[in-house]
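Below is one structure, written out as structure tokens; comments come after it.
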Amino acid sequence: MSAPVIELRGAGKTYPGPPVIRVLHPTTLALRQGERVAVVGPSGSGKSTLLAILGTLDEPSEGSVLVAGEEIAALGERARSALRAEHLGFVFQQFHLMPALTALDNVATGLLYSGVRARERRERAAAALDEVGLSGRLAHRPGELSGGEQQRVAIARALVRRPRVLFADEPTGALDQATGAEVVALLAGVADRGTTVVVVTHDERVAERFCRRIELCDGIAVEAGRPISRLTPDAGGPERVGS
Ligand code: ADP
Ligand code: MG
């Protein structure tokens, strides 16, 4: 089996109190090349927190995170950003496109600060848009695109650097069912071509298309019926009040 692309070793998250708020119990998890992972669970269960920690957008309050074998906490902010830019791509529920830019230029922004020249940025952006089925929409601005098309532009922007892992936090949350299904099929295709895809969703139809399923409930992650989080009561937490 290949080395993990991302690993959590007892990574958990609390917010300082009082009372301390525990949002993710220490969790151990490895993501490998080309895996499709669905993260499911009710609102407030810690899905976005888990995704942000896996994607190094947020720091765990305990435990460690390794990306491509490198321990993130050992790196400075610059090195961490470089590692993130090299290996990780992100897509969110709201597409976060620049309204004044064309689809092509929106995607090309994914290559800013990458050392790639402007002309090649545009060529690679056009290829990424082709990959998501939007070669006929290069000059359209977000306001001239449907929701599903805007999300596909956002996916192309995330893919243009050829990340090893693509994270999508509720990517179909703002779309109708049919359009959402198209976006999910697209993400599944991305995984088939070797990118690890981690998608947060509360749509069971989405989760069914992804092989691994991590279920969160009150900050405890369960996979295949087995907890991958270690339950940690925090002194001062709400459960201790008055005891
Ligand atoms: P989900 O994505 O599953 O809806 P989140 O990961 O966004 O859940 O949030 C998990 C929990 O963490 C929620 O109870 C939320 O209120 C809490 N939380 C998130 N951010 C903060 C913060 N900055 N301070 C305190 N609590 C937070
Ligand atoms: Mg969330």
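Residues are listed down the side, and each one gets a yes or a no for (1) within 16 Å of ligand 1 (Cβ to nearest atom); (2) in a strand (DSSP E or B); (3) at pLDDT 95 or above:
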position	(1), (2), (3)
Ala30	no, yes, yes
Pro42	yes, no, no
Leu66	no, yes, yes
Met98	no, no, yes
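Residue check: is Leu50 within 24 Å of Ala174 (Cβ to Cβ) and either of a type in the set (Val, Ile, Thr) or within 16 Å of ligand 2 (Cβ to nearest atom) (or both)?
On the way: within 24 Å of Ala174 (Cβ to Cβ): yes; either of a type in the set (Val, Ile, Thr) or within 16 Å of ligand 2 (Cβ to nearest atom) (or both): yes.
In short, yes.
Checked against (1) more than 23 Å from Ala191 (Cα to Cα); (2) surrounded by fewer than 20 Cβ atoms within 10 Å (Cβ to Cβ); (3) hydroxyl-bearing (Ser, Thr, Tyr), Thr27 passes all but condition (2). When each of Asp203, Asp192, Asp130 is tested for being more than 13 Å from Leu88 (Cα to Cα), charged (D, E, K, R), surrounded by fewer than 20 Cβ atoms within 10 Å (Cβ to Cβ) and within 16 Å of ligand 2 (Cβ to nearest atom), the lone residue that passes is Asp203. Contact map, the stretch 7-33: residues that are under 19 Å from Gly44 (Cα atoms) and among the hydroxyl-bearing types (Ser, Thr, Tyr) paired with residues that are in a loop (DSSP other than H, G, I, E, B) and within 11 Å of ligand 1 (Cβ to nearest atom), Cβ distance under 7 Å, separation 6+ or inter-chain. Pairs shown: Thr14/Val20. When every residue of the stretch 22-33 is checked against the conditions, at least one turns out to be basic (Lys, Arg) and more than 16 Å from ligand 2 (Cβ to nearest atom). Among the residues in the stretch 83-92, are any in contact with a His (Cβ under 9 Å, 6 or more places away or on another chain), touching a residue at least 24 places away in the same chain (Cβ under 8 Å) and aliphatic (A, V, I, L, M)? Among the residues of the stretch 83-92, not one is in contact with a His (Cβ under 9 Å, 6 or more places away or on another chain), touching a residue at least 24 places away in the same chain (Cβ under 8 Å) and aliphatic (A, V, I, L, M), which makes the answer no. Tallying residues that are within 16 Å of ligand 1 (Cβ to nearest atom), of a type outside the set (A, V, I, L, M, F, W, C) and assigned to a loop (DSSP other than H, G, I, E, B) within the stretch 153-206 yields 7.
Scoring Ser81 on the criteria (1) more than 16 Å from the chain's Cα centre (by Cα); (2) hydroxyl-bearing (Ser, Thr, Tyr); (3) part of a helix (DSSP H, G or I); (4) closer than 30 Å to Ala30 by Cβ leaves a single failure, condition (1).
The values are calculated or read from the model by the stated rules, or taken from the named source; none is laboratory data. Computed from a predicted model, the values in this text were never measured in an experiment. Cβ sites come from the backbone with ideal geometry, for glycine too, and all protein chains shown count toward neighbours.
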